[in-house]
1. If Pro28 satisfies every condition in (1) in a helix (DSSP H, G or I); (2) more than 18 Å from the chain's Cα centre (by Cα); (3) assigned by TED's automatic domain parsing to the domain that holds Cys170 but one, which is the exception?
2. Restricting the search to the range 2-25, which residues are assigned to a helix (DSSP H, G or I) and of a type outside the set (Gly, Ala, Ser)?
3. Tell me, which residue of the range 277-309 that is touching a residue at least 12 places away in the same chain (Cβ under 8 Å) and loosely packed, with under 13 Cβ neighbours inside 10 Å is farthest from the chain's Cα centre (by Cα)?
4. If only one of Gly50, Gly84 is at pLDDT 95 or above, under 13 Å from the mean Cα position of the chain (by Cα) and more than 20 Å from Ile362 (Cβ to Cβ), which one is it?
5. What about Asp101, is it in contact with a Lys or Arg (Cβ under 9 Å, 6 or more places away or on another chain) and either without any contact (Cβ under 8 Å) to a residue 24 or more places away in the chain or under 26 Å from Ser289 (Cα atoms) (or both)?
6. Go through the range 365-375 and give me each residue that's over 12 Å from Asp314 (Cα atoms), surrounded by fewer than 18 Cβ atoms within 10 Å (Cβ to Cβ) and touching a residue at least 40 places away in the same chain (Cβ under 8 Å).
7. Would you check which residues across the range 186-206 are closer than 20 Å to Asn315 by Cα, outside any loop (DSSP other than H, G, I, E, B) and of a type in the set (A, V, I, L, M, F, W, C) and list them?
8. For the range 96-122, enumerate the residues that are under 24 Å from Pro233 (Cα atoms) and either out of contact with any strand residue (DSSP E or B) (no Cβ under 8 Å at 6 or more places or on another chain) or modelled with pLDDT under 95 (or both).
Amino acid sequence: MTNRTTVVIGGGVVGASIAWNLRNTSAPGHDVQLLDTHLPLLGATAYSAGILRRHHTLAEDIALAGESIGFYRRFADHVGGSSGYTRQQFLLLLKAESAADASVHRGYIDRFEPASRWLTSAELAGRYPYMTIGADEFGVLETDGGYGDATATALSYRSAFVGAGGDLRCGVCVEGIERANGRWRLRTNVDDLAADDLVIAAGWQSAELLAKLDIELPVVARRIGLAVIHGDPAPSSGPVVIDDVTGAYFVPRPNGSVALGVRARPRWDQPLPAQPLSRAEVTEAVRRSSARVSSFAQARVVGSQAACDGYTPDNRPVLGPVPECDGLHLACGFSGGGFKIAPAVGRHVADGVVTGRTPDAIAAYDLRRFARGDQLVPERRYAHL
């Protein structure tokens with residue numbers, strides 16, 4: 001691909017990954033521009049919990065997550081800068097009735113090294129004495145799981161993109177899009193742009209951008225949030241936990257703080273700025289998490305954070321080309337999970353732009369699945385994950 005221009009709209013961690021991959025895999029003469037409305041970063045990337053795990057309930061999700069964790073382990077070698085990858089380990093807690101389902105998912109998870117480990121209730125109690133473990137519970141442990149820093153990752157991608165000759169434009173808001181004479185024409189608050197290929201990776205705002213083309217994208221804004229506590233240092237060396245029994249999740253940090261997940265609101269009609277969490281939401285997050293780690297109930301709440309992300313009806317992203325719109329590609333609707341698969345998504349979406357073919361790794365995430373009534377449904381479900 002030579003003497004072409006690709007514009008990527010959205011400078012968060014996913015958009016930055018796509019732009020970096022395009023800049024580093026395209027032939028000379030391919031101009032890549034990355035547009036971001038905000039400087040510094042604002043949105044789901046800036047407020048991500050940063051959980052890194054392979055365990056999902058869909059084989060395609062597992063494949064993207066597994067590829068991405070491998071990339072994060074060598075991020076500095078690939079990109080330079082830092083992703084904040086911390087190998088804290090990841091633990092999924094489940095009821096015994098989910099054992100058969102977990103075995104199926106582990107079949108996909110363990111295609112990546114290192115293999116996950118099954119922990120009985122007794123083993124869990126011995127390893128993590130600060131947790132309350134039921135006799136009918138077990139865990140699946142990923143030793144390469146943990147967390148990262150989505151903001152640092154996005155900034156590293158952006159810096160490497162610029163260093164490779166990419167064109168980063170901040171404070172640029174796209175006000176109009178049209179297709180004319182075989183090219184995309186963009187009207188912005190700064191100037192007019194033209195592109196052969198257009199990638200929309202603008203989170204919940206992607207639906208608004210596609211509406212300018214009379215294309216319906218079933219992505220709505222939902223508010224996501226974290227409550228931050230500080231107190232008992234015991235969990236600080238323990239794993240990142242998603243608790244499918246209580247519906248809680250928490251991310252221990254080495255400094256003794258713990259980020260507690262707050263359940264996403266079903267729909268949020270005023271996404272910018274995201275309204276801060278209420279005391280009731282913070283209290284509920286502490287209550288759910290302290291059912292597993294009782295010391296959390298006595299910990300001091302030191303802060304909270306909230307942002308909006310784009311959610312789809314099946315909580316899976318929309319990736320790849322838009323049918324019947326030559327040169328239009330999507331990477332949005334990550335439903336709270338964009339950071340953990342950003343490296344793989346960036347590689348495969350960029351590959352699709354360059355080759356004009358949809359890579360097998362992202363074919364299932366086609367926009368047309370919603371019109372067909374063919375949403376992505378896990379073969380085996382858990383209660384919350």
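1. Among (1) in a helix (DSSP H, G or I); (2) more than 18 Å from the chain's Cα centre (by Cα); (3) assigned by TED's automatic domain parsing to the domain that holds Cys170, the lone unmet condition for Pro28 is (1).
2. From the range 2-25, those assigned to a helix (DSSP H, G or I) are 13-25; that's our starting set.
Within the range 2-25, Val13, Val14, Ile18, Trp20, Asn21, Leu22, Arg23, Asn24, Thr25 meet the criteria.
3. Of the residues in the range 277-309, the ones touching a residue at least 12 places away in the same chain (Cβ under 8 Å) are 277, 281-282, 284-286, 288-289, 291-296, 298-309.
Adding the requirement that they be loosely packed, with under 13 Cβ neighbours inside 10 Å leaves 298, 300, 302.
Details: Gln298: 31, Arg300: 28, Val302: 25 Å.
So, considering only residues that are touching a residue at least 12 places away in the same chain (Cβ under 8 Å) and loosely packed, with under 13 Cβ neighbours inside 10 Å, the one farthest from the chain's Cα centre (by Cα) is Gln298.
4. On the way: Gly84 fails: under 13 Å from the mean Cα position of the chain (by Cα).
Answer to the selection: Gly50.
5. Numbers: in contact with a Lys or Arg (Cβ under 9 Å, 6 or more places away or on another chain): yes; either without any contact (Cβ under 8 Å) to a residue 24 or more places away in the chain or under 26 Å from Ser289 (Cα atoms) (or both): yes.
Taking the combined requirement at face value, the residue satisfies it.
6. Going through the range 365-375, the residues over 12 Å from Asp314 (Cα atoms) turn out to be 366, 368, 371-372.
Of the ones still in play, those that are also surrounded by fewer than 18 Cβ atoms within 10 Å (Cβ to Cβ) are 368, 371-372.
The answer is Arg368, and nothing else.
7. Quick first cut of the range 186-206, residues closer than 20 Å to Asn315 by Cα only: 200-206.
From what's left, outside any loop (DSSP other than H, G, I, E, B): 200, 203-206.
Answer for the range 186-206, where residues must be closer than 20 Å to Asn315 by Cα, outside any loop (DSSP other than H, G, I, E, B) and of a type in the set (A, V, I, L, M, F, W, C): Ile200, Trp204.
8. Passing the criteria: only Ala122.
The values are calculated or read from the model by the stated rules, or taken from the named source; none is laboratory data. Just so it is clear, the model here is predicted, and its values are computed rather than measured. FYI the Cβ positions are ideal-geometry reconstructions off the backbone, even for glycines, and counts take in every protein chain you see.
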